[in-house]
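Q: Dropping a structure here in structure tokens format, bear with me for questions.
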Ligand code: PEP
Ligand code: MG
């Protein structure tokens with residue numbers, strides 16, 4: 001029985017069987033063959049092509065009858081590529097002429113073909129190079145003997161399985177959830193990455209930053225994954241299994257107890273009301289928003305609509321998606337405009353855009369990307385505005401760093417309103433517009449932003465990342481990620497003050513808002529609107545109901561004067577214990 005430790009990110013415990021998945025590209029061997037080996041090598045190549053075709057035909061035959069037609073045509077397209085002479089015949093000539101092995105011959109032809117597609121001006125045709133890569137990978141897998149049951153097959157059924165892999169993108173996490181994986185473990189990643197946030201929202205027990213996960217764990221190992229403590233027990237004995245089954249029961253019990261708070265008011269002991277909102281990524285989370293009686297949606301991460309698909313959703317599809325949420329939720333819905341980039345790539349970061357971005361978190365992300373691509377941004381703004389006709393909606397802009405960016409966004413929104421008016425489309429002309437304050441520059445100048453906005457929301461996930469200069473997805477520096485760092489606390493306080501002075505609401509939508517460790521501290525700092533994954537809401541409500549604002553204010557003022565991180569943490573914990 002082996003025990004491993006990492007950073008637990010999803011609450012809950014999973015007990016199940018491991019499946020180790022690898023997306024790493026295997027090394028393609030290159031070696032010479034003798035003339036008398038040419039026939040065998042050519043036959044080996046043809047057999048690999050045939051096996052790849054048979055694999056695709058089998059997937060086609062096993063498609064459920066209600067599977068979307070696009071899936072079948074997608075498979076057909078891959079089958080046709082396997083008939084293409086460049087992939088099916090040219091490598092045989094290379095084997096004969098260059099006396100090289102089949103894998104290398106295939107690589108030479110594939111590289112040429114991929115380069116042709118990548119050089120095309122049309123972005124749709126350019127993106128087709130990914131299909132060629134996928135088809136060629138299938139043939140290479142057969143040549144290299146990489147098994148379909150594990151290897152790099154990210155398409156297999158994962159029901160009840162615990163995925164063990166090097167890293168998982170948010171896009172893959174969504175896909176794997178649909179394939180019903182029970183939990184996941186990754187070598188890389190941090191607890192505030194978008195993948196981790198998604199795991200919490202979707203109740204997937206997960207542990208990241210394990211380093212040796214794919215080295216020590218094997219497909220079919222039985223695992224206990226404790227997402228709370230970050231502990232994994234490999235091939236547990238009966239005692240460990242019984243103990244964790246008991247913990248699972250305790251968790252269910254705790255959840256039941258917290259559920260009794262559903263209809264209780266979110267108000268402190270001394271009568272101060274506190275607004276509790278939900279963060280959502282996917283429509284399937286809506287029922288939970290209602291289950292925990294959230295007073296609205298404080299952060300709708302719209303970029304998830306754009307993942308694992310091609311082409312991106314058009315205005316109409318977005319309008320339908322936003323309207324659905326707005327009609328379903330009683331309170332206001334805060335729709336965050338696209339925050340793509342960094343660790344949230346539409347295809348999980350697999351697109352080879354041809355550009356190697358060294359610091360994607362500092363790159364063309366969120367509002368920067370949107371302003372750079374009005375063709376992407378305008379349809380979204382139109383869709384949100386049109387959806388505002390169905391209920392209370394707010395627009396929230398991510399990653400603002402200068403008011404100049406804000407002015408550009410406001411101008412674009414005005415333009416869109418003008419267009420919609422001309423088209424006789426209905427929308428709320430007074431739609432509130434807010435900004436996420438998550439870049440230190442914006443935090444320091446929050447007063448300037450507050451002058452032009454209807455609300456501010458503190459995005460602590462990025463604010464901490466950028467303030468402390470630590471990549472939130474880099475497990476090597478995650479130990480420095482500290483919401484209690486005095487720099488972070490001072491920034492939070494000054495953003496709240498900027499909101500108070502401008503008389504506009506300030507919420508917090510980063511993970512810090514959903515962690516009961518910080519609830520009293522934040523109340524003491526003056527925060528009155530918390531937005532979090534629905535899962536965390538009942539416990540936060542419990543803490544709020546047990547807190548007394550008057551005494552917290554004095555305690556918090558003292559806390560801000562403490563410079564030693566350990567003492568600060570101890571004081572926060574002590575504040576949390578007070579009756
Ligand atoms: C944040 O940065 O705190 C935030 C809420 O946005 P995201 O986690 O999606 O970057
Ligand atoms: Mg952010």
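Q: Does the range 484-502 contain any residue that is within 13 Å of ligand 1 (Cβ to nearest atom) and surrounded by fewer than 18 Cβ atoms within 10 Å (Cβ to Cβ)?
A: No: the range 484-502 contains no residue that is within 13 Å of ligand 1 (Cβ to nearest atom) and surrounded by fewer than 18 Cβ atoms within 10 Å (Cβ to Cβ).
Q: Still on this model: Out of all the residues in the range 423-436, is one or more in a loop (DSSP other than H, G, I, E, B), touching a strand residue (DSSP E or B) at 6+ places or on another chain (Cβ under 9 Å), outside the structural domain of residue 191 (by TED's automatic domain parsing) and within 12 Å of ligand 1 (Cβ to nearest atom)?
A: Within the range 423-436, not a single residue is in a loop (DSSP other than H, G, I, E, B), touching a strand residue (DSSP E or B) at 6+ places or on another chain (Cβ under 9 Å), outside the structural domain of residue 191 (by TED's automatic domain parsing) and within 12 Å of ligand 1 (Cβ to nearest atom).
Q: Here is a further query. One residue is enough: does the range 123-131 have a residue meeting the conditions in a helix (DSSP H, G or I), over 29 Å from the mean Cα position of the chain (by Cα), free of Cβ contacts under 8 Å to residues at least 24 places away in the same chain and surrounded by fewer than 19 Cβ atoms within 10 Å (Cβ to Cβ)?
A: No, every residue in the range 123-131 fails to be in a helix (DSSP H, G or I), over 29 Å from the mean Cα position of the chain (by Cα), free of Cβ contacts under 8 Å to residues at least 24 places away in the same chain and surrounded by fewer than 19 Cβ atoms within 10 Å (Cβ to Cβ).
Q: Condition check: modelled with pLDDT of 95 or more and not assigned by TED's automatic domain parsing to the domain that holds residue 372. Does residue 265 satisfy that?
A: Yes, satisfied.
Q: Answer yes or no as to whether residue 137 is at pLDDT 80 or above, in a helix (DSSP H, G or I) and outside the structural domain of residue 216 (by TED's automatic domain parsing). Talk me through it step by step, then tell me what you get.
A: Values: at pLDDT 80 or above: yes; in a helix (DSSP H, G or I): yes; outside the structural domain of residue 216 (by TED's automatic domain parsing): yes.
Answer is yes for this residue.
Q: What do you reckon, is residue 470 within 15 Å of ligand 1 (Cβ to nearest atom), assigned by TED's automatic domain parsing to the domain that holds residue 514 and surrounded by 21 or more Cβ atoms within 10 Å (Cβ to Cβ)?
A: Taking the combined requirement at face value, the residue does not satisfy it.
Q: Now a separate question. Any residue at all in the range 217-239 that's more than 16 Å from ligand 1 (Cβ to nearest atom), touching a helix residue (DSSP H, G or I) at 6+ places or on another chain (Cβ under 7 Å) and at positive phi?
A: no
Q: I'd like the residue in the range 48-91 that is in contact with a helix residue (DSSP H, G or I) (Cβ under 7 Å, 6 or more places away or on another chain) and assigned to a loop (DSSP other than H, G, I, E, B) and, out of all such residues, is modelled with the lowest pLDDT.
A: In this case the residue turns out to be 63.
Rundown of residues vs (1) modelled with pLDDT under 95; (2) under 19 Å from the mean Cα position of the chain (by Cα); (3) part of a strand (DSSP E or B), yes/no style:
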residue: 304; (1), (2), (3): yes, yes, no
residue: 310; (1), (2), (3): yes, yes, no
residue: 375; (1), (2), (3): yes, no, no
residue: 380; (1), (2), (3): no, no, no
residue: 386; (1), (2), (3): no, no, no
residue: 400; (1), (2), (3): no, no, no
residue: 408; (1), (2), (3): no, no, no
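Q: OK, next. For the range 437-459, check the following and say yes or no: at least one residue is modelled with pLDDT of 95 or more and more than 26 Å from residue 522 (Cβ to Cβ).
A: No, the conditions are met nowhere in the range 437-459.
Q: Tell me whether the range 216-231 contains one or more residues that are surrounded by fewer than 16 Cβ atoms within 10 Å (Cβ to Cβ) and more than 28 Å from the chain's Cα centre (by Cα).
A: no
Q: Report yes if residue 298 is surrounded by fewer than 16 Cβ atoms within 10 Å (Cβ to Cβ) and outside any helix (DSSP H, G or I), otherwise no.
A: no
Q: Consider residue 519 against the criteria (1) surrounded by 22 or more Cβ atoms within 10 Å (Cβ to Cβ); (2) within 16 Å of ligand 2 (Cβ to nearest atom); (3) without any contact (Cβ under 8 Å) to a residue 60 or more places away in the chain: it satisfies all of them except one. Which criterion is unmet?
A: Result: residue 519 fails condition (2) only.
Q: Checking the condition away from ligand 2 (no atom under 16 Å from the Cβ), more than 27 Å from the chain's Cα centre (by Cα) and without any contact (Cβ under 8 Å) to a residue 12 or more places away in the chain, which residue from 500, 430 passes?
A: Selected residue: 430, the only one of 500, 430 that is away from ligand 2 (no atom under 16 Å from the Cβ), more than 27 Å from the chain's Cα centre (by Cα) and without any contact (Cβ under 8 Å) to a residue 12 or more places away in the chain.
Q: Turning to a different aspect of this structure: What is the residue count in the range 454-475 for residues that are more than 15 Å from residue 194 (Cα to Cα), in contact with a strand residue (DSSP E or B) (Cβ under 9 Å, 6 or more places away or on another chain) and part of a loop (DSSP other than H, G, I, E, B)?
A: The total comes to 1.
The values are calculated or read from the model by the stated rules, or taken from the named source; none is laboratory data. Computed from a predicted model, the values in this text were never measured in an experiment. Positions of Cβ are generated from backbone atoms using ideal geometry, with glycine treated the same way; all protein chains shown enter the neighbour counts.
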